[in-house]
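The values are calculated or read from the model by the stated rules, or taken from the named source; none is laboratory data. Treat the numbers as computed from the prediction; the structure is a model and nothing was measured. FYI the Cβ positions are ideal-geometry reconstructions off the backbone, even for glycines, and counts take in every protein chain you see. What goes into the accessible areas is simple: the full protein's heavy atoms, side chains included, and nothing from ligands, DNA or RNA. Shrake-Rupley method; radii C 1.70, N 1.55, O 1.52, S 1.80 Å.
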Amino acid sequence: MTLTDRLPRLLAVAAAATGGALLLAAPTVSAPAQEAPQPQPGYWEYSTRVLGVGETETKCVRQSEINRFFGGLSTRRWSCTYPVRVVGGGTARFEGVCRDRRGRTVQVRLNGPYEAESFRFTGGAQLARGTPFIPASITARRVSAECPAGAEYF
């Protein structure tokens, strides 16, 4: 058998050996980081603070409402929308606008850690364009998985 006859077989063996060596030498790819669990439905207590003035509310949050609850972060006095909502890996960042019943608006920026049964977001609220942001926070915890009779729903 001549070299010309053996060349295709040699190339096939060389290709297989080179491919195997590359696979063995390739860096291992670790599994992606575990995604933090999203907040769970149930009976929640949440407190808002702006310039040291706080307000605490409790609400029953259904499974169908959990995204709106976690992503809306509104209170009895303020209805908020957050066009910027970055959530993942146990941290979240929100930027948006809150309006009261009289039509007054404030710009809001919040960020911080979250878990399945709690979150704490700090940041600020801007009362007028061009003014500094004043300190603000929302802290929440799930009181129980079940809602008590007569609880207010989100």
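At a glance:
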quantity	calculated
Identity of the residue in segment 52-67, aliphatic (A, V, I, L, M) and in a strand (DSSP E or B), that ends up nearest to Val86 (Cα to Cα)	Val61
Qualifying positions in segment 139-154 - part of a loop (DSSP other than H, G, I, E, B), farther than 19 Å from Arg77 by Cα and touching a strand residue (DSSP E or B) at 6+ places or on another chain (Cβ under 6 Å)	Ala145, Cys147
Hits in segment 49-104 - residues which are open to solvent by less than 30 Å² (accessible area, probe 1.4 Å), within 13 Å of the chain's Cα centre (by Cα) and without any contact (Cβ under 8 Å) to a residue 40 or more places away in the chain	Ile66, Gly71, Gly72, Tyr82, Ala92, Phe94
Counted residues, segment 111-135 - those being within 19 Å of Phe69 (Cβ to Cβ) and at pLDDT below 90	0
Among residues of segment 109-138, those that are out of contact with any Phe, Trp or Tyr (no Cβ under 6 Å at 6 or more places or on another chain), open to solvent by less than 50 Å² (accessible area, probe 1.4 Å) and not in a loop (DSSP other than H, G, I, E, B), counted	9
Residues of segment 94-110 satisfying the condition of being within 18 Å of Gly123 (Cβ to Cβ) and either at pLDDT 95 or above or small (Gly, Ala, Ser) (or both)	Gly96
Among (1) hydrophobic (A, V, I, L, M, F, W, C); (2) modelled with pLDDT of 50 or more; (3) touching a Gly at 6+ places or on another chain (Cβ under 7 Å); (4) loosely packed, with under 10 Cβ neighbours inside 10 Å, the one test that Ala33 misses	(2)
